[in-house]
1. Given region 162-265, what strands (runs of 3 or more DSSP E) lie entirely inside it while holding 2 or more residues that are among the small types (Gly, Ala, Ser), farther than 19 Å from residue 106 by Cα and within 17 Å of the chain's Cα centre (by Cα)?
2. Does residue 57 satisfy the criteria of being in contact (Cβ under 8 Å) with a residue 24 or more places away in the chain and either near the ligand (Cβ under 10 Å from one of its atoms) or of a type outside the set (Phe, Trp, Tyr) (or both)?
3. For region 28-123, please list each of the helices (runs of 4 or more DSSP H) lying entirely inside it that holds at least 3 residues being aliphatic (A, V, I, L, M) and surrounded by fewer than 21 Cβ atoms within 10 Å (Cβ to Cβ).
4. Name the single residue, out of those in region 221-237 being over 20 Å from residue 11 (Cβ atoms) and either at pLDDT below 95 or among the charged types (D, E, K, R) (or both), that is surrounded by the fewest Cβ atoms within 10 Å (Cβ to Cβ).
5. Return the residues of region 1-27 that are among the aliphatic types (A, V, I, L, M) and surrounded by 18 or more Cβ atoms within 10 Å (Cβ to Cβ); say none if nothing qualifies.
6. Can you confirm whether residue 327 is within 16 Å of the ligand (Cβ to nearest atom), assigned to a helix (DSSP H, G or I) and surrounded by 15 or more Cβ atoms within 10 Å (Cβ to Cβ)?
7. Mind telling me which of the residues 261, 286, 202, 244 ends up being of a type outside the set (Lys, Arg) and within 15 Å of the ligand (Cβ to nearest atom)?
8. Exactly one of (1) more than 21 Å from residue 124 (Cα to Cα); (2) within 11 Å of the ligand (Cβ to nearest atom); (3) modelled with pLDDT of 95 or more is unmet by residue 32. Its number?
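The values are calculated or read from the model by the stated rules, or taken from the named source; none is laboratory data. No experiment lies behind these values; they were computed from the predicted model shown. Reconstructed Cβ throughout: ideal geometry from the backbone, glycine too, with neighbour counts over all protein chains shown.
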Amino acid sequence: MDHLLVRAARGERTERPPVWLMRQAGRHIPEYRDLREEYSFLEAIKTPEVAAEITLLPWEYYRPDGVVMFSDILTVLEPLGFSYHIESGVGPVVDDPVTGPDDVDRSHGDVTRELDYVGELLVRLNRRVGDETAVIGFAGGPFTLASYAVAGGPSRTNMPLRRLRAQHPEAFRTLLESFTAVVKEYLQFQIGNGADVVQLFDTYAGTLTPEDYREFVLPLHQEIFDALDAPTIVFVRRMNGRLDLLQESGADAVGLDWTVDIGEAREQLGDTPVQGNLDPSYLFADPEFVREKTREIIDKAGPEGHILNLGHGVNKNTPVESVRAFVETAKEIQR
Ligand code: CP3
């Protein structure tokens, strides 16, 4: 039988909502912090054995319905000729960002060879988790990847990339298209190596105007989802009030951040499956509060086509007991 997560992503009624958490394998888990003493972030994601061990930490703690491969959206920068590293206290830093509008037409190297460690990781995960748990792959969306490639690092407002759109729209388009080509190939590769579900994280694309989003980003999302032969989820932050732009992407399920009322999203989106959307900060409250708020989300979302998740990633220092309360609340539902 298909995974619970896959069935919900297809819009089926499920006996309980499947549950997983974005960034579930990160710094809130003590064993992760220990492993990071031994390996740098890039060493960890490029060593399938270590990446598999990290991926499975939250599975051992909580038994979520999906394990999300331990990796990063920025891995595809390398086949496009960029190099990057993670700087503690800053975040990801791109060593050789785009130098200007003449530096955007990037052909890419052999994705499956350069990212072979991700294929190996997925194969390992499939051997480990068995039939009940879905293996979740992912990639960054073109806008979010381009944001790092242009700004050279985290940029809260994405001003450098939005400025490129304003001053050199054709260069902006070409850069997003370069990323789209890689992302498409990369997600196909993940599905070919055993990802049961894939999520596109175009986290920052919501900083564009609705018109720009529709003109530049939506067709690329459509091109990506069109090319994929497995259940898909799209996630973009700050899309409250324009969820139709996510629905039109062609993804099977629409990810919701916590600023969206999931009941209203349901009314707006009809039969389209939804994922989300507990505020990650709620996990710092006591487990009883977490249970109460999680039940509210499950009730509002209803029994069909809902994947329970947070509205964004787990924060570091999040208490393990609250994450456990979140997962257990979903698992206790019977309908
Ligand atoms: O649960 C999982 O294991 C998922 C794996 C995952 C990571 N990053 C691991 C990671 C996923 C799906 C991502 C996606 C990602 N990475 C996004 C899009 C989604 C989102 O959450 O917004 C973005 C924008 C990135 C870029 C990136 N890489 C950021 C912002 C950071 C955090 C930097 C920091 O110091 O806070 C990273 C590094 C990173 N990726 C870490 C993890 C666990 C932290 C590494 C560490 O310091 O231990």
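1. Numbers: elements: 197-201, 232-235, 253-255.
Per the criteria, 253-255.
2. yes
3. Numbers: elements: 30-38, 41-46, 48-62, 111-114.
Hits in region 28-123: 48-62.
4. Only one residue tops the list, namely 223.
5. 4, 5, 6, 8, 9, 19, 21, 22, 25, listed by residue number.
6. yes
7. Working: 261 fails: within 15 Å of the ligand (Cβ to nearest atom); 286 fails: within 15 Å of the ligand (Cβ to nearest atom); 244 fails: within 15 Å of the ligand (Cβ to nearest atom).
Result: 202 is the single residue among 261, 286, 202, 244 that is of a type outside the set (Lys, Arg) and within 15 Å of the ligand (Cβ to nearest atom).
8. All conditions are met except number (1).
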